[in-house]
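Bear in mind that the values in this text are calculations on the coordinates, not laboratory data. From a predicted model like this one, the values you see are computed outputs, not experimental measurements. When we count neighbours, we look across all protein chains shown, and the Cβ atoms used for this are built from the backbone with ideal geometry, even at glycine.
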């Protein structure tokens with residue numbers, strides 16, 4: 001992994017995958033049935049066959065967009081997808097994985113954002129992509145990178161916004177044509193704030209909503225199972241599916257990140273549990289979820 005001053009401008013982090021320290025995120029995110037397989041299939045289609053597919057009339061852009069409210073696991077899932085794809089591709093060579101910092105580009109200087117984005121997409125990324133057979137690029141909060149030109153704020157420089165977004169689109173097009181084994185995965189909390197032309201280039205757009213009660217129950221189950229691996233006395237709570245369902249009803253409307261933190265909040269309900277998490281009880285969990293405890 002490369003970080004800090006050694007990185008090219010606009011690159012937040014740079015890794016070679018697969019790597020052991022990237023294991024975990026893919027399995028930790030609970031998604032609707034079939035979604036992970038669909039994402040992995042789309043990624044492998046681009047990374048394995050992008051060069052041949054580039055000859056088709058409907059040019060694939062090697063772009064996946066994950067959209068939805070904060071806390072729904074988009075970034076974690078994107079990072080897990082990179083590791084899982086790299087594992088599948090490992091017999092054919094390692095994968096370069098990098099994350100772009102979209103906040104590195106906005107500038108008050110007319111045209112500077114455009115020039116910086118052009119350098120990143122037309123010079124830096126192609127150079128990095130030459131190092132290994134496959135490349136995956138994460139653009140988190142892409143609404144800061146490909147700003148909807150139709151909604152350019154009068155408080156910003158609308159001319160520079162247009163030019164910067166134009167540079168993003170031109171760069172994505174060039175990489176799709178010249179480097180078809182590069183996959184972009186973009187996440188956004190506000191799909192409407194992303195330029196329409198960028199979204200239209202996506203080969204797959206996945207929109208995440210807040211988890212339903214069944215998904216919430218599954219997240220709680222998974223979190224308690226992880227806790228039980230550390231403190232075996234918690235195993236009865238991890239196995240109590242009826243409890244998970246009751247907790248899920250109380251947590252309706254929560255995002256996935258907040259649901260994950262339910263167990264942590266339960267551990268902090270009482271000092272003795274904070275000292276020894278194996279003493280966690282059903283009442284602690286119900287109290288953390290809000291509402292009366294079981295015996296009330």
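To two decimal places, what compactness ratio does the range 1-128 give when its Cα radius of gyration is scaled by 2.2 N^0.38 Å?
Here the answer is 1.17, to two decimals.
GNM on the chain, C-alpha springs below 10 Å: top fluctuator among 258, 79, 52?
52
Please arrange 185, 259, 205 by counting, for each residue, the other beta carbons lying within 10 Å of its beta carbon, fewest first.
205, 259, 185
For residue 44 and residue 21, calculate 0.36 nm times their separation in residues minus their Cα-Cα distance, and state this gained length in nm to one decimal.
So the chain would gain 6.1 nm between residue 44 and residue 21.
Any number yet on Rg/Rh for the range 213-289, C-alpha, Kirkwood? Walk me through the numbers before you get to the answer.
Numbers: Rg = 11.1 Å, Rh = 12.0 Å.
With Rh from the inverse mean 1/r over Cα pairs, Rg/Rh is 0.93.
Report, in degrees rounded to the nearest 10, the 0 to 90 angle that the Cα long axis of helix 35-53 makes with the longest principal axis of the chain.
20
Assuming 0.36 nm per residue, please report the length gained on full extension of the stretch residue 127 to residue 204 beyond their Cα-Cα distance. All intermediate terms of the calculation are to be shown ahead of the outcome.
Details: separation 77, 0.36 × 77 = 27.72 nm, distance 2.59 nm.
Residue separation times 0.36 nm, minus the Cα-Cα distance, leaves 25.1 nm.
Relative to 2.2 N^0.38 Å, what does the C-alpha radius of gyration of the chain come to as a ratio? Two decimals please.
Here the answer is 1.14, to two decimals.
Could you put 225, 251 in order, starting from the residue whose Cβ has the fewest other Cβ atoms within 10 Å?
Least crowded to most crowded, the residues run 225, 251.
Express in whole angstrom the spacing between the alpha-carbon centres of the range 53-74 and the range 162-227.
The distance from the Cα centre of the range 53-74 to that of the range 162-227 comes to 6 Å.
Tilt of helix 74-89 relative to the longest C-alpha principal axis of the chain, in degrees (0 to 90, nearest 10)?
70
First measure r as the distance between the Cβ atoms of residue 151 and residue 249, then evaluate 1/(1 + (r/R0)^6) with R0 = 30 Å and state the FRET efficiency to the nearest 0.05.
0.20
Roughly how tilted is helix 241-250, in degrees to the nearest 10 and between 0 and 90, from the longest Cα axis of the chain?
Roughly 70 degrees, rounded to the nearest 10.
Ranking 160, 240 by Cβ neighbours within 10 Å, fewest first, what do you get?
Fewest to most other Cβ atoms nearby, the residues stand as 240, 160.
Taking the simple approach of a point 7 Å from Cα along Cα-to-Cβ for both residue 115 and residue 268, what is their distance in nm?
Each label point is offset 7 Å from its Cα along the Cβ direction, giving 4.7 nm.
Give the calculated FRET efficiency between residue 225 and residue 37 to the nearest 0.05, with a Förster radius of 25 Å applied to their Cβ-Cβ distance.
Calculated transfer efficiency: 0.65.
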